[in-house]
Amino acid sequence: MSEAAVSEAQAEERRLRRDLGLWGLTAIGFSNIIGSGWLFAAMYAAQTAGPASILAWLAAGVLCMLVALVMVELGVSRPEGGGTVRWPLFASGRLVGTLIGWSTLLSVGGTAAEISAIMRYADHYLPWLYHGGSLTGRGLAVALGLSIVLTALNWFGVKLFARFNNLVSVFKVVVPVLTVIALFASGFHSGRMTAAAHGGFAPYGYPAVLSALAGGGIVYSLNGFQAPLDFSGEARNPRRTMPGSVLGGIGLALVLYLALQFAFLFTVPERLLGHGWSGVSFDSPFGQLALVLNLQWVSSLLYVDAVVSPGGSAYVGVAIDARHTYALAKNGTLPRYFMRVSGNHGIPHRALLLNLAVIIVFLLPFSGWQQIVSVMGDMYLLIYAASAVAVSVFRGRPDARLRGWVPGLAWIAPVSFVVASEFVYWSGWHDLRLALPMVLIGLLLFLLLRPEDTAGQSLGSELLSGSWLVVYLLVLTLLSWLGSFKGSGHLAAPYDSITVALVSAAVFAWAVRAGRSLPSR
């Protein structure tokens, strides 16, 4: 990147308003985690693992904390708008930066998915929104209008955004807490955790705990904790606020999810357990459970929150997507036109408008769009793996600029890389057979947008330094096809997950060595 381009990027970065404190950042992380997942994950986890689903939540919390520690160190040491997109570029070069950036750009569809979820839940009150599983013409118009409103609410500065999100976050806490209290007050079936009549604590064996991480929606539900890091360039004191906001968001969300899981396990009526936990099925788990328990007011409140919770996540998602697009423009993955930050509001308006256009494209009712959106959401997990590599690369450079806030990074980083790889793998062949090849389309973007000034690196050297990510994606795709998570089953559990761990450890060592050989940025 030329000195002029660097100076331009730094000038735009200085336009960002540093108005976010600890509470605002924590609320951003919490609101991004608590979306539509809390309405369904408890039931799916119970179906998959029974009472042992509690262990799955605790394991997911620990694993997410490990990944978060790596990203917190980066956010504290190198605060920057859209940092999760910038760090892979600085650590591993333009090829890795482009592929990670491309997968992040595709994940904008995840915001469209939350908007679609709002429409689906609102259909309970406005049945003309959906017909035959697709948005109607009027439903599409309402969804587009909501997309514009969410964009407009993000237009006028990060302080206004944070205040509105704080209000939404309070509602997203109050409703689940009231649900838990009301369910326990309605009836409590003691002995549920170990009842032999329903198979005991682990009716489907302890391997089912691993399956619940992905199949039960637990990983999906806790995903999104990195949101405060994308606002690190707009934090008043990143070193003081980043650790508490990221870890606090995970901790609060985990406590809430555990409470909901316990409430579901202990309050499902005995008559519904005739076929065990796998036979308990609701279209709207907590809403219908509340009706079964004669809690009409709770059910009504839940249907309202079923609109508000995805709405809050979509609101934060619009803001995060804008920071990512802004960062991609700084990287050169997108034209620098989208890097412009408004002098009046400190917001990347052009990035907001581009993302609005992408959301609209995803909302158009073309065949299979929901499947594609969910696939793109899975690929956001690649940021976690790339961040683990980045922190280890920076530690080995003379100008590391790391604060050393997190002790034990030497082992936390490789473990978090392996964890992120497992999370991607556990998404299953059904998703990865589409997602990983689509990420590799970013290779064309890399070649088409290659700048004239490449800091003295030839095309061959750029491809060589970033080749670990291409190999990593190809091997994950192959293992997914061979493995037991909706694959062919040629590589049985747990040997498939063990193989993924060993391959990931080897790729991590390769990636760190390649990154440390690059010039410092």
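Can you tell me the orientation of helix 349-363 relative to the chain, as the angle in degrees between its alpha-carbon axis and the longest Cα principal axis, to the nearest 10?
50
With r as the distance between the Cβ atoms of Ala152 and Tyr125 and R0 = 25 Å, compute the FRET efficiency 1/(1 + (r/R0)^6) and round to 0.05.
The value I calculate is 0.60.
What number, rounded to the nearest 500 deg cm²/dmol, is the helix-based mean residue ellipticity at 222 nm of the chain, given -39500 (n - 2.57) per DSSP H run of at least four residues and division by all its residues?
-22500 deg cm²/dmol
Please work out the average accessible area per residue across the chain, using the 1.4 Å probe convention, and give it in Å².
Computed with neighbouring chains in place, this is 37 Å² per residue.
Quantify, in whole percent, the carbon and sulfur part of the accessible surface of the chain (1.4 Å probe; protein heavy atoms only).
66
Taking the Cα atoms only, what angle lies between the long axis of helix 296-331 and the longest principal axis of the chain, rounded to 10 degrees?
Around 10 degrees separate the two axes.
At 7 Å along Cα-to-Cβ for each site, give me the label-to-label distance between Leu459 and Phe171 in nm.
With each label point 7 Å from Cα toward Cβ, the separation is 5.3 nm.
Sort the following peptides by mean Cβ neighbour count (other Cβ atoms within 10 Å, averaged over residues), highest first: 494-505, 248-259.
Order by mean packing, descending: 248-259, 494-505.
Choose one of Val170, Leu252, Met339: the residue whose Cα lies farthest towards the positive end of the charge dipole of the chain (beta-carbon charges +1 Lys, Arg; -1 Asp, Glu; about the Cα centre).
Comparing the listed Cα positions along the dipole, Met339 ranks first.
On a full-extension model of 0.36 nm per residue, what is the gain between Ser278 and Arg239, subtracting their alpha-carbon distance, rounded to one decimal in nm?
9.5 nm
Cβ neighbours within 10 Å, averaged per peptide: list 477-484, 63-70 in order, most packed at the top.
Ranking, from highest mean packing down: 63-70, 477-484.
Helix 238-267 versus the longest principal axis of the chain: what angle, 0 to 90°, nearest 10, using Cα atoms?
Orientation of helix 238-267: about 20 degrees from the principal axis.
Determine, for each peptide in 351-362, 95-106, the mean count of other beta carbons within 10 angstrom over its residues, then list the peptides with the highest first.
95-106, 351-362
Note down the net charge around Asp283, summing +1 for each Lys or Arg and -1 for each Asp or Glu among other residues with Cβ under 15 Å from its Cβ.
So the surrounding residues net to 0.
How much length, in nm to one decimal, is gained on full extension between Arg138 and Thr194, taken as 0.36 nm per residue of separation minus their Cα-Cα distance?
The Arg138-Thr194 span can extend by a further 15.2 nm.
The values are calculated or read from the model by the stated rules, or taken from the named source; none is laboratory data. Because the structure is a prediction, the values reported are computed rather than measured. Virtual Cβ from ideal backbone geometry, glycine too; neighbours counted across all protein chains shown. Only protein heavy atoms, including side chains, enter the accessible area calculation; ligands, DNA and RNA are left aside. Shrake-Rupley method; radii C 1.70, N 1.55, O 1.52, S 1.80 Å.
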